[in-house]
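The values are calculated or read from the model by the stated rules, or taken from the named source; none is laboratory data. None of the values given here were measured: they were computed from a predicted structure. Using ideal geometry, Cβ is built from the backbone for each residue, glycine included, and neighbour counts are taken over all protein chains shown. Side chains are part of the model used for accessible areas, which takes the heavy atoms of the whole protein and leaves out ligands, DNA and RNA. Shrake-Rupley method; radii C 1.70, N 1.55, O 1.52, S 1.80 Å.
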Amino acid sequence: MNEKLAKGKGASPLYSQIADDLRFKIVSGEWGDGEKIPPELDLCDIYNVSRITIRKAIDELVREGHLYRERAKGTFVLAMDHSNEKEHYTMVRSFTREMEELGKTVRTLHAQVSLIEASERISQQLGIEKGSKVLQLRRTRGVDDGKAFAYFVTHIPYTENFSLDSKDYYGSLYDYLKKFDIVMSESKEYVEALIATPEIQAVLDVPENTPILKRVRMVSRADGQYKEISDCYYIGDQYRYYVEI
């Protein structure tokens with residue numbers, strides 16, 4: 001499937017748009033440290049552009065230190081040293097607290113918890129073995145009138161302390177975790193805009209082509225003993241994303 005690129009007056013150069021997309025695949029963990037990225041010719045087909053354009057996009061990420069080339073082998077994701085990344089973290093708040101600070105009261109309209117095996121992507125993001133037990137939590141968030149405007153899919157490495165009863169996850173997740181002395185201290189987030197998929201259309205009860213803000217949130221405890229990854233989807237015209245520097 002070809003990626004859609006903006007064209008015309010005012011649009012960024014194609015290579016820059018592709019570089020942005022490749023960069024997101026790296027920082028979100030879709031492409032893990034040391035992973036070989038698709039060959040240039042495959043990327044040409046994916047983005048429907050020339051090899052020169054793809055090469056310029058890759059060159060940009062090589063200069064930034066995200067990728068490196070090995071002759072006759074390909075291009076790989078450069079393993080990052082995360083020891084000095086604290087300046088890129090944001091203050092960690094639960095979604096409930098975020099909304100309270102904006103004068104809004106939200107509640108969980110529906111929660112579903114499952115025990116699954118970690119996929120390649122999830123294992124890389126959580127730093128666990130592929131196939132390890134993972135708690136998958138799906139929650140629909142909304143206001144008192146019952147109208148949903150947010151859908152969260154959260155993955156947490158499973159321990160026997162965590163309940164598998166969905167009713168235990170209708171309150172604040174972070175308040176629940178405090179019962180086990182788990183307090184989040186570091187958060188890294190990435191945001192992108194997209195059109196509602198059939199799943200999101202059904203969950204949030206929105207029509208086709210509804211703009212959605214996707215917020216990928218990776219949260220951890222300072223000692224590294226707890227990590228979680230959440231894909232958060234918000235109806236575009238009902239949520240504003242604030243950054244505190």
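Looking at segment 194-213 only, could you name the residues that are out of contact with any Leu (no Cβ under 6 Å at 6 or more places or on another chain) and not in a helix (DSSP H, G or I)? Break it down stepwise before answering.
If we filter segment 194-213 for residues that are out of contact with any Leu (no Cβ under 6 Å at 6 or more places or on another chain), which is where we start, we get 194-211, 213.
Result: 194, 195, 196, 197, 205, 206, 207, 208, 209, 210, 211, 213.
Among residues of segment 149-160 that are touching a residue at least 24 places away in the same chain (Cβ under 8 Å), those with a Cβ under 6 angstrom from a residue that is surrounded by fewer than 20 Cβ atoms within 10 Å (Cβ to Cβ) and assigned to a loop (DSSP other than H, G, I, E, B), sequence gap 6+ or separate chain, pair up as 157/128. Within segment 75-83, at least one residue is farther than 30 Å from residue 158 by Cβ, at pLDDT 60 or above and not aliphatic (A, V, I, L, M).
Contact annotation: residue pairs with Cβ atoms under 9 Å, 6 or more positions apart or on different chains, pairing a residue in segment 172-185 that is at pLDDT 85 or above with a partner that is acidic (Asp, Glu) and open to solvent by 20 Å² or more (accessible area, probe 1.4 Å), are 176/168.
If we scan segment 96-113, do we find a residue that is at pLDDT below 60, surrounded by 13 or more Cβ atoms within 10 Å (Cβ to Cβ) and within 20 Å of residue 163 (Cβ to Cβ)? Yes, the conditions are met somewhere in segment 96-113. If you go through segment 43-68 and keep only what is under 26 Å from the mean Cα position of the chain (by Cα), outside any helix (DSSP H, G or I) and surrounded by fewer than 19 Cβ atoms within 10 Å (Cβ to Cβ), you end up with 48, 65, 68.
Restricting attention to segment 129-170 and to residues that are of a type in the set (A, V, I, L, M, F, W, C) and open to solvent by 30 Å² or more (accessible area, probe 1.4 Å), the residue that is nearest to residue 118 (Cα to Cα) turns out to be 164. Considering only residues that are under 15 Å from residue 149 (Cα atoms) and not aliphatic (A, V, I, L, M), look in segment 186-207 and name the one that is most open to solvent (accessible area, probe 1.4 Å). My answer is 205.
Restricting attention to segment 211-226, the residues that are under 20 Å from residue 138 (Cβ atoms), open to solvent by 20 Å² or more (accessible area, probe 1.4 Å) and either hydroxyl-bearing (Ser, Thr, Tyr) or at pLDDT 85 or above (or both) add up to 2.
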